[in-house]
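Below: one structure, written as structure tokens.
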Amino acid sequence: MDRHEEFKRTLLATFKGELDDHLGTLNRELLALERNPPQDEQEAILEEVFRAAHSIKGAARAVDLGNISMLAHRLEDVFSALRRGDLSPSSSLFDALFPFVDALRENMAAHLRGEPIPMENHQQMLDTLEAVMQGKEEIDSVQQDTPKPQAPTETVSQENETRPVVQEEQPGYAPKLTGETIRVATTKLDILMDGIGELLVSRMRTEQRLAEIRALQANLTQWQKNWRQVRSHYNRIKGRSATDTAATPWGHQDITPVLEFLANNEEQLADLDKDINRLGYRFASDYGHLSLLTDDLQEGVRRVRMLPIASLFDLFPRMVRDLTRQRRKKIVLHLEGADTEVDRQVLEAIKDPLTHLLRNAVDHGIENPDVREAAGKPRQGNITLRAAQKGNTIVIEIRDDGAGIDVEAVRRAAVGRGLMSEAEAANLSERETIDLIFRSGLSTHHQVTDISGRGVGMDVVRQNLELLQGVVTVDTSTGQGTTFTLTLPLTMATNHVLLVEVADQIVAVPTTTVERMMLVSPASLGSIEGKPAIRTQDQPLPLLSLARVLELHGEEKPLAPNQKIPVIVVGVVEKRVAFRVDAFQGTQEVVIKNLGSQLKRVRNVAGATILGSGQVVMILNIADLIQSAQLAPGTKTLVPVEVSEISRRRVLVVDDSITTRTLEKNILENAGYDVLVAADGVEAWGLVQGERFDAIVADIDMPRMDGFKLTEKVKADDLYAELPLVLVTSLESPEDRIRGMEAGADAYITKGAFDQKNLLET
């Protein structure tokens with residue numbers, strides 16, 4: 001390729017990125033204008049869309065894309081007329097304008113593929129728009145013969161590019177680009193992140209070396225202690241040898257060199273102690289500095305890879321708008337937390353699940369206006385798409401105020417499709433029945449539509465979340481609506497894992513998939529179909545040997561008398577299984593390494609990591625593991641012994657994130673506490689008044705009643721004023737700390753500095 005062609009391709013790629021930005025602006029602002037905002041807001045919106053159309057027109061001319069320039073010029077004319085007041089916004093006008101936005105994108109895609117541009121479609125759009133502007137034609141967006149709304153096709157990754165923004169961005173849904181931005185291929189950022197990963201491994205190794213130096217210090221201290229204990233004997237021997245050589249079986253000349261050696265040893269031991277302590281201090285200082293720099297560099301690169309979830313959320317209002325008009329419903333989509341940042345890879349992976357959930361909410365969830373009115377509900381339905389960061393995870397909620405999930409219809413559909421017998425379906429709990437919606441091919445919809453009802457949407461949700469090691473929960477209420485909650489890792493570059501020992505090996509389990517860690521008495525084991533089982537959260541779960549499922553050569557360590565079985569309960573989407581392990585080795589943030597091209601797909605293994613000791617540890621693929629568990633035998637541990645109840649201190653954990661409160665609950669239970677949980681301050685206050693607790697561990701940012709108000713309520717009551725209360729929160733500002741202490745909190749732990757040891761010590 002000559003330099004001219006290379007420059008042309010580079011220029012075209014630059015235009016493609018600019019076009020995507022402007023099309024996003026057009027979609028977003030036209031939707032806002034369609035909602036008939038106040039006059040001053042309308043004027044600002046029209047200014048914005050006019051500028052976007054004008055910029056597209058000029059840039060398209062610069063790269064010789066006449067069709068795109070022509071369409072943009074026509075949009076510019078319409079927006080100019082709206083600004084002058086010569087044209088008024090109307091439903092028909094918006095129905096005519098949105099196809100122009102789609103056509104601009106389709107023209108660009110066709111040009112990049114080298115395909116011809118469909119000129120007859122352009123002329124039809126132009127004629128329709130002209131008729132609407134002249135008041136000669138009203139468009140019925142539902143009846144017109146146009147393609148049905150499809151899932152959003154915009155790429156979240158901006159054509160494999162991202163923009164590191166240098167200046168501080170103002171909060172909002174879509175950060176505007178300034179002159180202080182650059183486009184960087186994400187492959188370059190991936191290489192940089194790989195380098196950060198290697199640096200993290202080196203830091204872990206340095207930490208291991210520091211631990212070895214401290215072990216040497218401990219050994220040296222013990223050596224000195226031992227020497228002090230025998231020094232009196234040395235002094236007596238030295239004194240006797242100097243005065244009476246006949247008192248010993250050896251001659252004076254024989255013992256003198258030994259005594260001199262011991263005397264020199266004492267001085268050398270003292271010098272060695274000083275040197276090692278000095279080395280330990282300097283090494284610890286260097287390690288602390290290296291750790292700080294590594295954390296800052298990792299955070300900096302991670303933030304460059306992060307994008308506001310608005311880049312994904314902004315794709316959905318237009319989709320919901322078109323689907324709503326097609327289904328003749330009245331629905332408003334509300335976006336919350338769109339400025340929450342998440343890794344680009346996670347954004348790409350959750351686009352399809354969110355698309356299916358929103359389409360199903362429009363088609364299945366929200367009722368027709370007449371049905372809603374007959375039920376005493378507003379004719380207009382609401383769907384809320386909300387994102388929030390919780391520690392190292394992102395929580396996404398899709399909530400609708402529709403009819404809720406018909407549990408009996410799900411049971412009938414499962415039986416009708418041969419997934420189970422009528423007797424099996426009748427024995428399912430409501431929670432187990434709702435989980436069936438994630439089965440492939442299951443649908444309660446009687447009519448197959450282009451929107452949903454093909455039985456594949458929920459299966460796509462399950463598969464994509466399994467790949468991300470994510471979790472989805474469903475809450476539904478008949479006549480009130482349904483909420484899907486997705487909990488996902490914030491980034492795919494690093495992961496928090498639980499290290500467990502199995503058959504003399506260490507393996508890692510992503511903490512986002514760990515629901516519980518528990519010590520189970522053999523006496524409490526039950527049986528399901530002849531296999532051992534435990535009961536957790538009022539549900540029986542099969543108990544399997546992790547060593548056997550992984551086909552490790554060794555077996556679990558035999559249990560000592562009265563010893564309890566270490567068990568982890570893991571879950572992915574609707575599936576949950578309990579595994580026996582030998583021991584818990586704590587949690588750690590690790591760098592995920594793939595297994596290379598030679599091992600692209602290894603059953604039960606998602607990747608690997610290297611610990612500070614240099615040990616290579618496999619990171620388990622929990623979705624695979626649960627499938628493998630269905631064919632594996634259970635553990636042999638079945639000892640019929642009565643369980644004696646032990647009086648333990650009780651702690652109340654309060655957090656609206658199920659992941660956070662489950663993690664804190666597991667940590668505290670494994671430390672010997674009896675733990676109850678609450679989802680917000682209102683629920684917690686009710687429990688405090690009716691139960692006895694020895695301490696409360698609470699989040700701050702919660703619905704209904706936040707942690708500050710809960711603390712004030714507890715401390716203001718004479719009955720509970722002395723009850724210890726610890727706030728564990730992501731709010732790290734000095735003002736929040738001061739407010740927490742003023743409210744009466746006994747301790748304040750930030751989630752950025754949160755670890756198991758810190759919580760237990762507090």
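To one decimal place, what orientation-averaged projected area in nm² is obtained for the convex hull of the Cα set of segment 1-53?
Working: hull surface 15.3 nm².
Over all viewing directions, segment 1-53 projects a mean Cα-hull area of 3.8 nm².
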For this session: Name the long-range amide H neighbours of residue 498: under 5 Å, sequence gap of 5 or more, or other chain; modelled H, no Pro or chain starts.
Result: 509, 511
Problem set entry | Greater than 28 Å apart at Cα, pairs in 57/188; 351/575; 274/757; 57/351; 8/57; 188/757 | 57/188; 274/757; 57/351; 188/757
Exercise. To one decimal place, what Kirkwood hydrodynamic radius in Å is obtained for segment 294-349 from all pairs of distinct Cα atoms?
Worked result: 13.2 Å
Seminar exercise, completed: A correct Karplus calculation of ³J(HN,Hα) over segment 401-406, with 6.51 cos²θ - 1.76 cosθ + 1.60, θ = phi - 60°, whole Hz and x for Gly and Pro, returns 9, x, 7, x, 8, 7
For this session: In debye, nearest 20, what is the charge dipole magnitude of segment 298-391 about its Cα centre with +1 on Lys and Arg Cβ and -1 on Asp and Glu Cβ, if you could check?
Result: 280 debye
Exercise. Where does segment 55-94 land on Rg(C-alpha)/(2.2 N^0.38 Å)?
Worked result: 1.35
Problem set entry | Estimated D of segment 682-762 in µm² per second, where Rh is the Kirkwood radius over Cα pairs and Stokes-Einstein applies at 20 °C, 1.002 mPa s | 167 µm²/s
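Mind checking the dipole of segment 673-757: about its Cα centre, +1 per Lys or Arg Cβ, -1 per Asp or Glu Cβ, Debye to the nearest 20?
Working: 9 positive and 18 negative charges, 15 e Å.
The calculation lands at about 80 debye.
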Problem set entry | Options 199, 230, 219, ranked by Cα towards positive dipole end of segment 198-340, top entry (Cβ charges) | 199
Problem set entry | Relative packing of 331-341, 691-701, 354-364, 283-293, which averages over residues the other C-beta atoms within 10 Å, highest first | 354-364, 691-701, 331-341, 283-293
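Throughout, read-outs are computed from the coordinates displayed, never taken from laboratory work. What you see is a predicted model; the values in this text were computed from it and never measured. Backbone-built Cβ (ideal geometry, glycine too); neighbour counts: all protein chains shown.
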